[in-house]
Amino acid sequence: MTMPTPLRLKSAAGRGVLFATILASGMAFLDGTIVNVALPHIGEDLGSTVAGLQWTVNGYLLTLAAFVLLGGSLGDRLGRRKIFVIGIVWFTVASVLCAAAPTIGALIGARFLQGAGAALLTPGSLAIIQASFQPDDRGKAIGMWSGFSGISTALGPFVGGYLIDALSWRWAFLINVPLAVLALLAAFRWIPESRAPKEATRFDATGAALAALALAGITFALIEGPDDGWGSPVVVGAIGIGVACAIGFVLVERHKGDGAMTPPSLFRSRIFTVLNIYTVLVYAALSGQSFFLAVTLQNVAGYDALQTGLATLPATGLMLLLSARSGALATRIGVRWQLTVGPVIAGVGMLLLRGIGPNADYVTDVLPGVLLFGLGLTTLVAPLTTAVLAAVDMRHSGIASGVNNASARAGALVAIAALPLLVGLTGEAYQVPAELTSAFRSAMLWCAGLMGAGALLALVFCVGLPKVLWHRAVTTMTTATHSVHPVHPVRESDA
């Protein structure tokens, strides 16, 4: 095990480590928010169908969700700085390929590569902070990382909208290049190399491959089924591969036990299992809303990319301003009621967004729904992620955080693949305002329903989440080094 000399946050090296990790992870956060805003422009320029736009988002999510735990394990085993740097270079090269893509197929392929790079990059950010700083500086360093990451998330739609309108959607990816150069220079200059004890590392390539194939098969079938036909050999084959690999993943993980990528022992905790199902539901709703809203504001309401980016800023602002107070409230009343009330508030916001139509007025048709949606997320996110960490033994906190974040990505994958199918949006219908309006309003009903299901789950099954869980989680969070959050609001489990 390589143990670097612990750094002080106020030292030049400490500030350099923090700068490198914030800048590198910020690329992933920016990418997630910018790409949603860019979707209508990508579709128009490359002549994409709805399926192409779905794959533009899901190609990234698929490889990220499948390989993020493996990426953390590689860092622990081979060197956190080494894998972190490889992730930055990989992500940046893939970003350039995305920007240069001549066709939607080339863009999708590059997005798969970009997600794999993010899976190497993002777990390392927090693992490096955990390994590099003095124990009494870690909490503050993680808090600064979380805060600045939140700022990058908030700036993403604004910066992306400006670049897309002023230049091209390709700058949604090219912006990563200068950020990567600065991050690499800082990483080589300041980040010390570190590894976990050999006996503490998990390297489950088989589990990662099976998870990727299972997600890919099911996602492919959901996206391509409406166009190719559900009885086509390709779609049937994809379903078969997805189901077989999912079963194989469960069997392999059970055989490997605590050495597995996803140790089955974690799910002996009823609370942990329930909270991960809850995460799938809530983040499926969040991702479905984000996918449809960005396209609808531009192709139906007539907003440009910058206006679309600015439209959702109030929700992010509420997250940044009130997350700490949400945590303090959970300390007083316990997490169950916030996990129940939060999705209800967010769901009501989604229902209000159904009023968006041609020439929608922002103040009356968009802002109320955005504000309620943001308030709902603020209410539920902090209690959810800390409760997940507290639901397992402290020695499993890192892997528990990673599993929960993988659950969020899986929910996003399925939602973006399935929602257009459920609401009948196929082909190039997203370019027809009347058809997109109808599909969007149906999608918001589905998303609100997912939020409602999450609220019911918390109300019924989270009775055993006392206030003490929050206090326990505060201690546990500093050990959760395998989390990643590239496309959603920054959560305490990322710290």
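Computed from the coordinates by the stated procedures, all read-outs in this text should not be read as laboratory data. Because the structure is a prediction, the values reported are computed rather than measured. Cβ: placed from backbone, ideal geometry, glycine included. Neighbour counts: every protein chain shown.
Convex hull volume per residue, computed on the Cα atoms of region 205-260, equals 55 Å³.
Remark: spin-label model distance His255-Arg332 equals 5.3 nm, labels positioned 7 Å along the Cα→Cβ axis. Based on the Kirkwood radius over alpha-carbon pairs, what is the Stokes-Einstein translational diffusion coefficient of the chain at 37 °C with 0.692 mPa s viscosity, in µm²/s? The Stokes-Einstein estimate is 147 µm²/s.
Relative intensity of region 1-146 on a log10 scale, I(q)/I(0) at q = 0.09, 0.14, 0.15 Å⁻¹, equals -0.32, -0.68, -0.75, per a Debye sum over C-alpha point scatterers of equal strength in the absence of solvent. Once the Cα atoms are used to define both axes, helix 176-190 deviates from the longest principal axis of the chain by about 0 degrees. Once backbone amide H atoms are built at 1.01 Å from N, Phe133 has Leu7 as its partners under 5 Å, excluding neighbours fewer than 5 places away on the same chain. Here the spin labels are modelled as points 7 Å beyond Cα on the Cα-Cβ line, and at Arg8 and Leu182 they lie 2.6 nm apart. Cα centroid separation, region 420-438 to region 51-74: 25 Å. Once the Cα atoms are used to define both axes, helix 50-78 deviates from the longest principal axis of the chain by about 0 degrees.
Within the chain, the longest segment free of exposed loop sites, counting trypsin sites (Lys or Arg not before Pro) that fall outside DSSP classes H, G, I, E and B and have at most 16 other Cβ atoms within 10 Å, spans 11-466.
Against the longest principal axis of the chain, how steep is helix 205-228, in degrees 0 to 90 to the nearest 10, with axes from Cα atoms? Tilt relative to the chain: about 10 degrees. Which residues in region 166-183 place their backbone N less than 20 Å from a point set 7 Å from the Cα of Glu44 along the Cα-to-Cβ direction? Counting only backbone N, you get 166-174.
Shown for region 295-339 is the translational diffusion coefficient from the Stokes-Einstein equation, using the Kirkwood radius over Cα pairs, a temperature of 10 °C and a viscosity of 1.306 mPa s: 125 µm²/s.
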